[in-house]
Amino acid sequence: CDKKTCPGPLKYYQDLGCKPVFKNDGDCCPIEYDCSNLEKRSPNKCYLNNQEYDLDQSIDRSAGCYPPCFCSKRSDKP
């Protein structure tokens, strides 16, 4: 099975920790992803590459954040 032939942003779902759902056992490509694990995430934390960060915590370059980033709680409400 060559996962590169499967549709969708596979790495995105893997990074989120979502579980692939297959139509039949042995299928190569999932038909959807179960991302129910995201409901357990705290709204007062940030998540990047399977790491949890506190608000205002600096995220170093080794986490793949360029330029250096920090965890911030953003609100789009006026």
(request) Step through the residues of segment 53-62 one at a time and calculate ³J(HN,Hα) from phi using the Karplus curve (6.51 cos²θ - 1.76 cosθ + 1.60, θ = phi - 60°), rounding each to whole Hz and writing x for Gly and Pro. (result) 10, 6, 4, 6, 6, 6, 10, 6, 4, 5
(request) Treat every Asp and Glu Cβ in segment 1-40 as -1 and every Lys and Arg Cβ as +1, leave all other atoms uncharged, and give the resulting dipole magnitude about the Cα centre to the nearest 20 debye. (result) 120 debye
(request) Check the straight Cα-Cα distances from LYS4 and name the lysines below 30 Å, setting aside those fewer than 8 residues away within the same chain. (result) LYS19, LYS23, LYS40
(request) Evaluate the distance, in nm, between pseudo-label points positioned 7 Å from the Cα of LEU38 and of CYS1 along their respective Cα→Cβ axes. (result) 2.2 nm
(request) Express in nm, to one decimal, how much length is gained between ILE31 and GLN51 on full extension, taking 0.36 nm for each residue of separation and deducting their alpha carbon distance. (result) 4.5 nm
(request) Averaging sequence separations of C-alpha pairs under 8 Å and six or more residues apart, then dividing by the length of the chain, give the relative contact order as a whole percent. (result) 20 percent
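No lab work stands behind these numbers, since they all come straight from the coordinates. As the structure is a prediction and not an experimental result, all values here were calculated from the model. A quick note on method: Cβ atoms are made from the backbone with ideal geometry, for glycine too, and the neighbour counts reach across all protein chains shown.
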